[in-house]
Every structure is written in structure tokens, then in C-alpha cells.
Amino acid sequence: MLKVNHIKKSFKQNTVLEDINLEINKEECLYIHGKNGCGKSTLFKIICDIIQTDSGTIEKESDTYIGALIENPGFIENESLRFNLEFLASINHHYNEERIRELCHMYSLDYDSSSTLKNYSVGMRQKAGIIQAVMEDQNLIFFDEPTRGLDEESIIVFENMVNTLVEGGKSVVIASHDRLARVNYTHIYLLEEGKLQCEDY
């Protein structure tokens, strides 16, 4: 689905990623772990074309449709959850209200609430971020510290959702300090000192 070839990225004199190579195939679930500042978010941003790499390439199959939750999700603060999700889904003309309502119900969010996003807790915002990453039937999804602010029940919901997505033919990449024990990973990687190393069992 996607191939990362010899990616390098530095900020001023600090090399964050050095010669990163990664291949993601269909129905895979990858786990990337590493210390704070090791480059997990930077790698995701490069793959999602949010920031540019210094060198190296990203190859993506034409039918790969990326969804992502990277760092703190951003929303239109003075609008409701429904407005935000409708707006985001309409950009690519992939608005499916039934699917969005199902996801909101799954994460105990009220799709019809008039409450604005600025009044949401960290956990509620995180749930909204998770929903937007999968609500358009994206088939390659990146989650950066997805359980930030989530209670134990919501973490279980998330883990089960990831397994269901992969079983349904999609691929998921999770970067997190939390191993998420219920997730059925196919590959595990350590990102350390700019290098990505496979740690498969």
C-alpha cells in the first residue's frame, strides 16, 4: 500500500530521522514505539504530506486512502461535533452519516449535541480525532498516541475497532507509548536515534 524509502529529516542541526525505510501492506497492523521526541510524529507527518522530507521518497498505491490522527486533533472550536465531522467528510465528498453516527455511538459522543468543541474534554476531543481518521472508509490509518485522555472503557473500544478494521482489509499504524495489549499487531518497530528497527516476535 505504501513504501517509505530512505527518508531523512533534520530540524536545524538535529537529525530526527535518518535513512528510514518502511513497507506497509494490506491487512497489516504496525506498532511503532520510542521515547518522546524520537520522530514518530515527524515520520507520520511526512507520510501524510504535512511536512516535507529532506531526502527520500514515499511511494503510495493509487487506491490508498490515508486517514490520520497526529498529535492533538484540531477542530473549528466554536462549532459542534456534527458540524466539524460533516465539514471534514465533505472535503473529499465521503460524508456517510450512518457510519459517523455509528462511530459516535461507539465512543459515547452525542452527534446531535449543540455543544461546541471548545467545551470538549481532552478525552472527548481525542475520540473525535479517532472518528475523523476512520469515518470516510480510509484504508490506511495512522494513529499517533491515540489513547491520550481516554478512559479504560474507551481504550478497549479503540483496540477492538483497530482489530476490526484490519480484519476488514484495512491497514493501521499506531505510534504510542502504550502497547495496547488487545491489538493484534503484525509487526513491531522501535524508532531510536533516527533509526527504525523491526522487533517482530
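Here, each number is a calculation from the coordinates, and none is a lab measurement. Bear in mind the structure is a predicted one, so any value in this text is a computation, not a measurement. Glycine gets a Cβ as well: all are built from the backbone with ideal geometry, and neighbour counts include every protein chain shown.
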For this session: Quick one: Leu140 ticks every box in (1) within 11 Å of the chain's Cα centre (by Cα); (2) among the hydrophobic types (A, V, I, L, M, F, W, C); (3) surrounded by fewer than 18 Cβ atoms within 10 Å (Cβ to Cβ) except a single one, so which number is it?
Result: (3)
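Restricted to the stretch 189-201, and to residues that are surrounded by 17 or more Cβ atoms within 10 Å (Cβ to Cβ) and in contact with a Lys or Arg (Cβ under 9 Å, 6 or more places away or on another chain), which residue is nearest to Thr64 (Cα to Cα)? Break it down stepwise before answering.
Of the residues in the stretch 189-201, the ones surrounded by 17 or more Cβ atoms within 10 Å (Cβ to Cβ) are 189, 191, 194, 196.
Among the residues that remain, those that are also in contact with a Lys or Arg (Cβ under 9 Å, 6 or more places away or on another chain) are: 191, 194.
On the way: Leu191: 24, Gly194: 26 Å.
Of everything passing the filter in the stretch 189-201, Leu191 is nearest to Thr64 (Cα to Cα).
Just a yes or no: is a residue in the stretch 62-76 over 26 Å from Val162 (Cβ atoms) and more than 15 Å from the chain's Cα centre (by Cα)? Spell out the reasoning first.
Start the filter on the stretch 62-76 by keeping residues that are over 26 Å from Val162 (Cβ atoms), which leaves 76.
Filter once more, so that each one left must be more than 15 Å from the chain's Cα centre (by Cα): 76.
Within the stretch 62-76 (the criterion being over 26 Å from Val162 (Cβ atoms) and more than 15 Å from the chain's Cα centre (by Cα)), the answer is yes, since at least one residue qualifies.
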Exercise. From the list Asp144, Asp151, Asp112, Asp137, which one is touching a His at 6+ places or on another chain (Cβ under 8 Å) and touching a residue at least 12 places away in the same chain (Cβ under 8 Å)?
Worked result: Asp137
Exercise. Across the stretch 149-179, which residue is surrounded by the most Cβ atoms within 10 Å (Cβ to Cβ) among those that are over 24 Å from Met1 (Cα atoms) and among the aliphatic types (A, V, I, L, M)?
Worked result: Leu150
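Checking the structure you have, find out if any residue of the stretch 61-69 is touching a residue at least 40 places away in the same chain (Cβ under 8 Å), surrounded by 15 or more Cβ atoms within 10 Å (Cβ to Cβ) and over 30 Å from Tyr120 (Cα atoms). Quick ask: steps written out before the conclusion?
Step one: filter the stretch 61-69 for residues touching a residue at least 40 places away in the same chain (Cβ under 8 Å), giving 61, 63-69.
Now drop any that are not surrounded by 15 or more Cβ atoms within 10 Å (Cβ to Cβ), which leaves 64-69.
Now restrict to residues that are over 30 Å from Tyr120 (Cα atoms): 64.
So far as the stretch 61-69 goes, yes, one or more of its residues are touching a residue at least 40 places away in the same chain (Cβ under 8 Å), surrounded by 15 or more Cβ atoms within 10 Å (Cβ to Cβ) and over 30 Å from Tyr120 (Cα atoms).
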Exercise. Got at least one residue in the stretch 9-26 being among the small types (Gly, Ala, Ser) and assigned to a strand (DSSP E or B)?
Worked result: yes
